[in-house]
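One structure is given here, and the rest of the page talks about it.
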Amino acid sequence: MLFDMDGTLVDSERLWDIGLQELAAHYGGTLSEAARFAMVGTDMAVSMQILHTDLGQPWRDPAVSAAWVDRRVGELFLTDLVWRPGALALVTAVRAAAVPAALVTSTRRAVVEIALETLGRDTFDVVVCGDEVSATKPDPAPYLTAARLLDVPIARCVAIEDSPAGVASALAAGAAVLAVPHAVPLDPADGVRLLETLTGVDLDLLSGLLSPLDLSR
């Protein structure tokens, strides 16, 4: 099992909203809705480029802005991070069944370490962060890396995602995908099962996604 984090397992996109809007205000501007949507599922470097362009300040240093947002969002993760509907029950079932599981996120390690206080440090066998891979979502590298570290063929993995970039990454890697849209809508696609929430999702449903006969259910 390959789990995305932000917007999939935890309701963190609203906390990123706060951090990004506060940074935009710090820079004397306001982040547009279109720019915020474009950031969902991307890594921090891309997000900061989008923010700077949206504010008309492309000269700003992405590393400085990223550190500012990471610090602020890390503070919010300590106090306001909550599970998405059905997510805790699902990861608990996966762990109880001893199914190999990885967290695959575009978020950087320093912030993920704070999120793991809520998610549980023993919940995942592998944690792949955005600053630890050669390329981030929508590139397949994060999911390929996770499957390799789990020693499970990617074709036998189900990725759970909420963003277009994440879905594209998982599909390009060769995983089956369960998608639960949150901050932005997702279009139907071959190999992708769309659900409104993770509530009621169980191991039987997930294993069924690995069978081509079941992908259209």
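The values are calculated or read from the model by the stated rules, or taken from the named source; none is laboratory data. This one's a predicted model, so the numbers in the text were calculated from it and none came from an experiment. Don't worry about glycine lacking a Cβ; one is built from the backbone with ideal geometry, like all the others, and counts go over all protein chains shown. Quick note on the areas: whole protein, heavy atoms, side chains included, nothing else; ligands and nucleic acids left out. Shrake-Rupley method; radii C 1.70, N 1.55, O 1.52, S 1.80 Å.
Taking the stated definitions as given, is Asp17 open to solvent by less than 40 Å² (accessible area, probe 1.4 Å), among the acidic types (Asp, Glu) and within 25 Å of Glu161 (Cα to Cα)? Reasoning before the result, please.
Values: open to solvent by less than 40 Å² (accessible area, probe 1.4 Å): no; among the acidic types (Asp, Glu): yes; within 25 Å of Glu161 (Cα to Cα): yes.
No; evaluated as a whole, the condition is false for this residue.
Would you mind finding the one in Val177, Val201 that is touching a helix residue (DSSP H, G or I) at 6+ places or on another chain (Cβ under 6 Å) and either surrounded by fewer than 19 Cβ atoms within 10 Å (Cβ to Cβ) or farther than 23 Å from Met39 by Cβ (or both)? From the options Val177, Val201, the qualifying one is Val201.
Within the stretch 126-146, no residue that is over 14 Å from Leu171 (Cα atoms) and aromatic (Phe, Trp, Tyr) sits with its Cβ atom under 9 Å from a residue that is open to solvent by 30 Å² or more (accessible area, probe 1.4 Å) and part of a helix (DSSP H, G or I) at 6+ positions apart or across chains.
Within the stretch 114-144, the set of residues being out of contact with any Gly (no Cβ under 9 Å at 6 or more places or on another chain), in a helix (DSSP H, G or I) and open to solvent by 30 Å² or more (accessible area, probe 1.4 Å) comprises Glu117, Thr118, Asp131, Glu132.
Being on the phi > 0 side of the Ramachandran plot and among the hydrophobic types (A, V, I, L, M, F, W, C) narrows it down to one residue among Ala98, Ala93, Ala66; which is it? Just a single option satisfies the conditions, and that option is Ala98.
Among the listed residues Arg60, Arg84, Arg72, identify the single one that is open to solvent by 30 Å² or more (accessible area, probe 1.4 Å) and out of contact with any Asp or Glu (no Cβ under 7 Å at 6 or more places or on another chain). So that I can check it myself, show each step before the final result.
Numbers: Arg84 fails: out of contact with any Asp or Glu (no Cβ under 7 Å at 6 or more places or on another chain); Arg72 fails: out of contact with any Asp or Glu (no Cβ under 7 Å at 6 or more places or on another chain).
The unique qualifying residue is Arg60.
Taken over the stretch 77-113, residues that are outside any strand (DSSP E or B), within 17 Å of the chain's Cα centre (by Cα) and not acidic (Asp, Glu) amount to 19.
When the stretch 16-40 is limited to residues that are modelled with pLDDT under 95 and among the charged types (D, E, K, R), the one that is farthest from Trp68 (Cα to Cα) turns out to be Glu33.
Only one of the numbered conditions (1) assigned to a helix (DSSP H, G or I); (2) over 23 Å from Ala175 (Cβ atoms) is not met by Gln57, and that is (1). Within the stretch 184-213, residues that are among the charged types (D, E, K, R) sit with their Cβ atoms under 6 Å from residues that are open to solvent by less than 70 Å² (accessible area, probe 1.4 Å) and in a loop (DSSP other than H, G, I, E, B), at 6+ positions apart or across chains, in these pairs: Arg193/Leu209.
Cβ separations smaller than 7 Å between residues 6+ apart or across chains give the following pairs from the stretch 5-22 residues that are over 14 Å from Ala38 (Cα atoms) to residues that are in a helix (DSSP H, G or I) and among the acidic types (Asp, Glu): Asp6/Glu13; Gly7/Glu13; Leu15/Asp80. If you go through the stretch 30-43 and pick out every residue that is surrounded by 16 or more Cβ atoms within 10 Å (Cβ to Cβ) and either without any contact (Cβ under 8 Å) to a residue 60 or more places away in the chain or assigned to a helix (DSSP H, G or I) (or both), you end up with 5.
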